[in-house]
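A.B. asks: Okay, handing you the structure first.
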Amino acid sequence: MNTKLVAFLLLALAMSWSAIVSADEATENDAEEVAAEVVEESSEPLASGIGWQLIRSVELGKSGKFVNMVLIERGRQADKTIYSAALNRLCREEKEFCRVRFWVQERFIPEKASMTTEQNQHLLADHLFNREAGIHRIQYACSVDPTSSECIAH
């Protein structure tokens, strides 16, 4: 090969590599800035209690109504007092609407109100209070409450 051609190719490769590294560093910096903004926006710590933790609240469309996504401590999913404590804390101020869904594995908690089939299969309980519709119920997965005739079958 011609030495000038080799030198040109090496120079082009070095310049391309430098551009890629710079772009990658900029992307990482942008991601860190966005993460910092998110942390700054949510100055209030998420609700939690013994055996449970609120992971996120997602809005149902643009309704102003939210679904609370809660993580139950592994090994305590059959303890209904944990669900009651979470509901008491999350719904006590809500006079018209409160929806809370529970999982034992954080990886199955959805990012939005709708769930995939897999996320639904791992759902432990679903609480819904909607005064306008006259609904106030909690359904547990059959694995949590096998004696219930209205358990969530997966």
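A.B. asks: Please order LYS112, LYS65 by the number of other Cβ within 10 Å, starting at the fewest. Write down the numbers at each step before the final one.
C.D. replies: On the way: LYS112 11, LYS65 15.
The most exposed by this proxy come first: LYS112, LYS65.
A.B. asks: Additional query: How high is the FRET efficiency from ASN130 to GLN53, r the C-beta distance, R0 25 Å, rounded to 0.05? Show your work: numbers first, answer last.
C.D. replies: On the way: r = 24 Å, r/R0 = 0.98.
Computed FRET efficiency for ASN130 and GLN53: 0.55.
A.B. asks: Another question, if that's okay. Consider all pairwise Cα distances in the range 108-154 and report the whole-number % of them above 11 Å. Please report the intermediate quantities before stating the final value.
C.D. replies: Values: 741 of 1081 pairs.
Tail of the P(r) past 11 Å holds 69 percent of the pairs.
A.B. asks: Where Lys and Arg each count +1 and Asp and Glu each count -1, what net charge lies around PHE108 among other residues with Cβ under 14 Å from its Cβ?
C.D. replies: Numbers: positive: ARG56, ARG74, ARG101, ARG107, LYS112; negative: GLU106, GLU111, GLU118, ASP126.
For residues surrounding PHE108, the net value is +1.
A.B. asks: Right, something else. Multiply the residue gap between LYS80 and THR147 by 0.36 nm, knock off their C-alpha separation, and tell me the result in nm, one decimal place.
C.D. replies: Values: separation 67, 0.36 × 67 = 24.12 nm, distance 1.33 nm.
Extra length available between LYS80 and THR147 comes to 22.8 nm.
A.B. asks: Further question: Can you tally the net charge around PHE129? Count Lys and Arg as +1, Asp and Glu as -1, for every other residue whose Cβ sits under 15 Å from the Cβ of PHE129. Provide the component values of the computation, followed by the final result.
C.D. replies: Working: positive: LYS65, ARG89, ARG92, LYS95, ARG99, ARG101, ARG131, ARG137; negative: GLU93, GLU94, GLU96, ASP126, GLU132.
Combined, the nearby Lys, Arg, Asp and Glu give +3.
A.B. asks: By how many nm would the segment from GLU106 to LYS62 lengthen if fully extended, with 0.36 nm per residue of separation less the alpha-carbon distance? Walk me through the intermediate numbers first.
C.D. replies: Values: separation 44, 0.36 × 44 = 15.84 nm, distance 2.50 nm.
Difference between extended and current length: 13.3 nm.
A.B. asks: On a full-extension model of 0.36 nm per residue, what is the gain between CYS91 and ARG137, subtracting their alpha-carbon distance, rounded to one decimal in nm?
C.D. replies: On the way: separation 46, 0.36 × 46 = 16.56 nm, distance 1.28 nm.
Between CYS91 and ARG137, full extension yields an extra 15.3 nm.
Since every read-out is calculated from the coordinates, none of them should be taken as a lab result. These numbers come from a predicted model, not from an experiment. When we count neighbours, we look across all protein chains shown, and the Cβ atoms used for this are built from the backbone with ideal geometry, even at glycine.
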